[in-house]
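The structure appears below as structure tokens.
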């Protein structure tokens, strides 16, 4: 577990102070706000799974689905659907219905952007529907391990929920007129993260390397680190132009400007925390200095409160 970071209950309770207006927003700052009373993984899944799915068109044959947990991207066409991430298990009936409503093609492949349950939870359901699962080799490894996350214990997933194909660096998929680039990056949010780029549509799904309009969570327990998050954002910025639609793991659809603002925020907070830490300040003293203060109004309204995020930065430097 991450040393000196808040429990899931504490930061969810704090985030709950956003109130009903935020919860009524089409794009919730974090659907996790609805799960603040959960004490077990299954309770959290059930509460997240109750969030409606909203579908937005990104390009011909390409949509983004948002709601229950994270953002799902779907490429549809006669060769079958390519689905990036898959929400939590209780959302499966709604997700399957939304996918079926797009066209009559089956699910061909799901891509896991990383190992966390809110993105890879429906692997077994997708495999049961006849599709394969592609992920980085570290994702398979992490899914086979027990984890303590958000103050709760997660057991290894069953064998039918594991990826059917893994890769060490990158893989290219050709489907429905797209040459999809799936690329691993050095440890950032976790050590399992991949980018998924649809070059014809000019859409880039960054998974949880990019949290739009909220401070990100960094999973130190499975290799996450602030410098990796910055490096990942820098890598992504070299791949995009002013017309690229940038899909975050959580938050509203972004673009190059939104990704640049996110990267700049990470750098400023990292540099301030690093200077304080190198001067000998302990975590309590760093928090007292409020190194994220200039960004808290814009970025501090998600499930990661400012002090929670600063703690993660401090502990991963």
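The values are calculated or read from the model by the stated rules, or taken from the named source; none is laboratory data. These figures come from a predicted structure and were not determined experimentally. Note that each Cβ is placed from the backbone with ideal geometry, even for glycine, and that neighbours are counted across all protein chains shown.
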Of all residues in segment 55-77, which are at pLDDT below 95 and either in contact with a helix residue (DSSP H, G or I) (Cβ under 6 Å, 6 or more places away or on another chain) or outside any loop (DSSP other than H, G, I, E, B) (or both)? 68, 69, 70
Residue hits (segment 260-304; over 19 Å from the mean Cα position of the chain (by Cα) and not in a helix (DSSP H, G or I)) are 279, 280, 281, 282, 289, 290, 291, 292
Out of everything in segment 143-187 that is touching a helix residue (DSSP H, G or I) at 6+ places or on another chain (Cβ under 6 Å) and on the phi > 0 side of the Ramachandran plot, what residue ends up being surrounded by the fewest Cβ atoms within 10 Å (Cβ to Cβ)? 151
For segment 271-306, what are the residues that are free of Cβ contacts under 8 Å to residues at least 60 places away in the same chain and within 16 Å of residue 219 (Cα to Cα)? none
Screening 186, 163 for residues that are assigned to a loop (DSSP other than H, G, I, E, B) and either more than 18 Å from residue 207 (Cβ to Cβ) or touching a strand residue (DSSP E or B) at 6+ places or on another chain (Cβ under 8 Å) (or both) leaves only 163
Test: residue 208 is buried (at least 23 other Cβ atoms within 10 Å of the Cβ) and either at pLDDT below 95 or assigned to a helix (DSSP H, G or I) (or both): yes
Apart from one, (1) farther than 15 Å from residue 189 by Cβ; (2) in contact (Cβ under 8 Å) with a residue 12 or more places away in the chain all hold for residue 261; the odd one out is (2)
Output for segment 211-233, where each listed residue is in a loop (DSSP other than H, G, I, E, B) and either within 17 Å of residue 250 (Cα to Cα) or in contact with a strand residue (DSSP E or B) (Cβ under 7 Å, 6 or more places away or on another chain) (or both): 212, 213, 214, 215, 216, 217, 218, 219, 224
